[in-house]
Amino acid sequence: MAKILVVDDERAIRNTLKDILTYEKYEVDEAANAPEALEKIQASMYDVILCDIKMPGMDGMELLDKIKEQSDAQVIMISGHGNIDTAVEAIRKGAYDYISKPLDLNRLLVTLRNALDRSRLLAESQMLRKKVFKYNEIIGDSKALKEVLQMVEKVAPTNARVLITGENGTGKELIARAIHENSPRAHGPFVEVNCAAIPSELIESQLFGHEKGSFTSAIKQRKGDFELASGGTLFLDEIGDMSLSAQAKVLRALQENKITRVGGEKEIPVDVRVIAATNKDLKSEIEKGNFREDLFHRIGVIIIRVPSLSERKEDIPLLANHFMGLISAEMGKSPLPFLPEALDALMQLKWTGNVRELRNMVERLAILCDNPITAEDIRKYAN
C-alpha cells in the first residue's frame, strides 16, 4: 500500500485529503507544519508527499529543499497563493508537480497515481543499475551441467532457500538468476549483494538499511536490500565472507521475516526468498568459528554444487564459440572460427578460473587474432 504524507497548516484540508486518500486505499499521515513533517519523514518512509506552500514558520518551498535532502519521495506542491513563477520554481527545486487550490479532486488523484508510477520506475531503474552482470544463457550439454539444471527446474517453483556452492568463475550467479526467473517471484526484483565486496562495518546498512543520523555518513533514511527485494529474491553472493554480526541479523530476518534498520527500532516485515552462494567450505568455516551453524542450516535447505570447468570439459567448445559470438558482436566484427585443433587445445588447459577465465581467453583471442584460431594461438595467448 502506497504511503502518503499530507502537510498543510489548515486542519480542514488535512482532514479532507486524508478521508479522500484513505478511501482510495492509500495509507495517509498528516503534519500541520514543516517541523512536524520533517519529524515524520525521519521516522517513516513515504512514497508521495503533498505539501502546502504557504505555512507559518518554514514555508513549503524551504521544506521542499529539506525533503529532497532526506527522502526519495515524490513531492506534489499545493497552494492557493501561487502563480506560474511559483510553480516553475517548485519544479526546478525537484517537486513532481504543482496543484492550485481549490483542489480539483480528479486532477489530484491522476497526479498522485502518476507520481507513484514514477516512484516505482525510479526504484526499478535503481535495481537495474545494480545488475552489473550481463545475463547470458547457461551454455553446455555435459552430464554434470544437466544435473544442475534438473535440480534448478525442481527447486525454482518452490519458495525453498538455496545455497549454491562452487569455485570462483563457475557461474553461481547465473544459477541463482535461473532459479529466480523460473519461480513465481520472477515478476519481483532480483537483488544481488556481494558480501565479500562490502566492508564489514557497512554490510548491515547495505542489507537492512539505516535511519538518518545512525552513523556519520547517514545523511538520510535508506532502505536496505532486504526491503528492496521484498516480493522477489535476495541473492547473497559470497556469504562465507559475511561478518558474524551480520550473520546473526540475517538469521533473525530469516526466522521472523522482519528486519530493523541500523539505528532504528521499528520492525519492518519483508517477503524475500534468499539464495546464497559461496566458494568456501562452510562446514569447515563453522568448525573454525567463522560461520554460524544455525544460519548454515537456514540457508541450505537445498544445496546446489556448480561443477568446475574441468568437470565439464566437453562444454568448452560450445562456450568458446558462444563467447566468440558475443564478444565479436560487441566489437562490431565477424566472429573468428576455432579450428578443431584449437578447440582440442582449449580442452587440454587447466581452467583454474573456470568459465570466467575461458571468457577472458576468448576475448583475448578475438582482439589479437585476425585469422581462424589455431592451436598455436591457444598456446601463445594462454595465461
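A few notes on this one:
- Along region 60-71 the Karplus relation, 6.51 cos²θ - 1.76 cosθ + 1.60 evaluated at θ = phi - 60°, assigns HN-Hα couplings of x, 5, 5, 4, 4, 4, 5, 4, 5, 6, 10, 9 Hz to successive residues, with x for each Gly and Pro.
- For Asp271 and Ile84, a Förster radius of 41 Å and the Cβ-Cβ distance give a FRET efficiency of 0.35, rounded to the nearest 0.05.
- Separation between Cα centres of region 69-126 and region 1-59, rounded to whole Å: 13
- Förster radius 56 Å - calculated FRET efficiency between Asn106 and Cys369 (Cβ-Cβ, nearest 0.05): 0.30
- Take the Cα of Ser334, go 7 Å toward its beta carbon, and the backbone nitrogen atoms of region 347-383 under 12 Å from that spot belong to 371-372.
- Computed magnitude of the charge dipole of region 310-381 (debye, nearest 20; Cβ of K, R +1, Cβ of D, E -1): 180
- Anchor Lys258: lysines whose Cα lies under 21 Å away (excluding residues fewer than 8 positions away in-chain): Lys3, Lys212, Lys223, Lys249, Lys266
- Using alpha-carbon coordinates, inclination of helix 172-181 to the longest axis of the chain, degrees: 50
- Hypothetical label at Arg356: residues of region 195-227 whose amide nitrogen lies under 14 Å (7 Å Cα-Cβ projection): 195-198
- Measuring against 22 Å, Cα to Cα, the residue pairs Lys40/Lys220; Lys18/Lys101; Lys146/Lys333 contain Lys146/Lys333 as the ones spanning a longer distance.
- For region 310-381, the ratio of Cα radius of gyration to the globular rule of thumb 2.2 N^0.38 Å stands at 0.99.
- Exposure proxy ranking for Thr278, Thr111, based on other Cβ atoms within 10 angstrom of each Cβ and starting from the fewest, stands as Thr111, Thr278.
- q = 0.09 Å⁻¹, region 31-180: log10 I(q)/I(0) [Debye, one scatterer per Cα]: -0.51
- Calculated FRET value between Lys40 and Glu181, using beta carbons and R₀ = 30 Å, to 0.05: 0.20
- Cα gyration tensor, region 51-92 - rounded (a/c under 1.5), prolate or oblate: oblate
- Backbone N within region 52-86 under 11 Å of label point (7 Å from Arg92 Cα along the Cβ vector): 85-86
Rule-based calculations on the coordinates, nothing more; no lab input. Model, not experiment: these values are computed from the prediction. Here Cβ is always computed from backbone atoms with ideal geometry, including for glycine, and neighbour counts include all displayed protein chains.
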